[in-house]
1. Rounding to the nearest 10 and keeping the result within 0 to 90°, find how far the Cα-based axis of helix 297-315 lies from the longest principal axis of the chain.
2. Can you tell me how much longer the chain between A190 and Y65 gets when fully stretched, taken as 0.36 nm per residue apart minus their C-alpha distance, in nm with one decimal?
3. So how far apart, in nm, are the two label points at E274 and A156 if each is 7 Å from Cα heading toward Cβ?
4. How much length, in nm to one decimal, is gained on full extension between D143 and K205, taken as 0.36 nm per residue of separation minus their Cα-Cα distance?
5. As a check on your grasp of the helix formula, calculate [θ] at 222 nm for the chain: sum -39500 (n - 2.57) over DSSP H runs of n ≥ 4, divide by the residue count, round to the nearest 500.
6. Using a 10 Å cut-off around each Cβ, can you sort S355, S170, S433, S411 from fewest to most neighbouring Cβ atoms?
7. Once every Cα of the chain carries one equal point scatterer and solvent is ignored, give the base-10 log of I(q)/I(0) from the Debye formula at q = 0.09, 0.11 Å⁻¹, two decimals.
8. By how many degrees, 0 to 90 and rounded to 10, does the Cα axis of helix 452-461 deviate from the longest principal axis of the chain?
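A short reminder: the numbers here are calculations on the coordinates, not readings from a lab. Just so we're clear, the structure is a prediction, and the values are computed from it rather than from any experiment. With ideal geometry, Cβ positions are generated from the backbone for all residues, glycine too; neighbour counts draw on all protein chains shown.
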Amino acid sequence: MTAPHPRYRRAIAIPLGMATATALAFLPNVTAAAADTAPTASTAADASPLSYVVNVRPGHGTSAYVDKAIAEAGGTIVTSYDEIGVIVVHSANPDFARTIRTVHGVESAGNTRNAPLPAQSTTDVGTPKALTAEELKGVQAADGQDPLEPLQWDLAAIKADKAHEKSLGSPKVTVGVIDTGVDDTHPDIAPNFNRNASVNCVSGKPDTTDGAWRPAAGESPHGTHVAGEIAAAKNGIGMTGVAPGVKVAGIKVADPKGYFYTEAVVCGFVWAAEHGVDVTNNSYYTDPWYFNCTDDPDQKALVDAVTRAARFAERKGTVNVAAAGNENYDLASDSITDPSSPNDGTPSDRAIDPSKCLDIPTQLPGVVTVAATGAKGIKSSFSNYGLGTIDVAAPGGDSTRYQAPAPPATSGQILGTLPGGKWGYMAGTSMASPHVAAVAALIKSTHPYASPALVKALLYAEADATACTDPYDINGDGKVDAVCQGPKNYNGFYGWGTVDALNAVTK
Ligand SMILES: [Ca+2]
Ligand SMILES: [Ca+2]
């Protein structure tokens, strides 16, 4: 059983030198990764308002009729996304959703959380340890490399090092990091930060206050790590991102406890769509449900709202890239037992059919779904998989014990930027997705007028086909840990293949 857990993709944060002690955290069903403290769920108090999404027919403005019905049902409108027909509402009426669903013009409606709206305290969700001088001893960058590049085995794994000899990507391209916030004061992020496309969407409504996109003290470093993986500058300091010439924006959607609620995610996609974001990275699932079952009226409303928002972004020219998840689930199987939902209430074992119950946004149509690989190029022990569900693979790291990198790299995890001007390791499909977002940004740099559909087609065509690993016994205990289906050029572990940054800048 797992403890309630917010859902940045359980960024498995294992400090250098502790990989052995925490290696079990990579295995499925050994959850609540040691370094990643799960916050305690609050109990819903009766009188505390909950948050809802109400989905109406888009494109006609919010009708006075629906507005009035929302008020009569005890709801207060927080904001209304008329472009997609999604209204964010707070209400303390326990029957609000049931009541509003009967109103003419309402297509679906549901509560986005089980916990009451926050009067929250900040919870430490576990901070990866910054690299120390001791750990950097003997790390010698070659000519043209940033100092920490010798530790970044993931760059060579997708030929980003070779790509950088040709192009770093275009500053006209922006990747929006929909995440826990981005520390743009970091010396490796500041040069490539796009403030105009950055925002805080945590309440479900954009807050454009300067710096609102940053993680507060004690909040998760996840989004800052992701941003550095994508676009850490090639500037003679620290590390280098996969696309160090493109811009990165912080779209903060996780609350102080690390929960990614639907209204915040909707706000994030709509914001990206309307602020020229070319690619979004989504290394999370929308809390509190790992899988949203469309036969449940509340969960269906969440799927509807996020589907509308992600589609809207794609219509406006944005490629959406998302992490496949870290539970070693076969997303193409008939049944998965999810022990973790709802993660802000009382979770219980729930058998779900993955074809009817969706992990969002990664399983939404149009979204690029990314599986993770380790330093040996093999599916990470934790990465979800499944024929027809994975589009591409990229480095997300693995236990150093299972997939150790070639020297001089020392950790099987992925180096990234940490708030406060630091660098450190994290692992997860959360770390794989930004590699793909960055390669998509390189493709967009090479083909500035390409539509999202064309960028995705090139991403898949230019990936390096990677045959199934069979048998897959990643921990070497003699028992198969996952079964890969499909041919070399399209299969359940690697999709169309491992992304290729060199192809992205030369083809
Ligand atoms: Ca740098
Ligand atoms: Ca095994």
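1. Result, in degrees: 60.
2. Using 0.36 nm per residue and subtracting the Cα-Cα distance, I get 40.3 nm.
3. About 4.7 nm, to one decimal.
4. The D143-K205 span can extend by a further 17.7 nm.
5. Helices in the chain give a 222 nm mean residue ellipticity of -6000 deg cm²/dmol.
6. In increasing order of surrounding Cβ atoms, one gets S355, S170, S411, S433.
7. So the normalised log intensities work out to -0.55, -0.83.
8. 40
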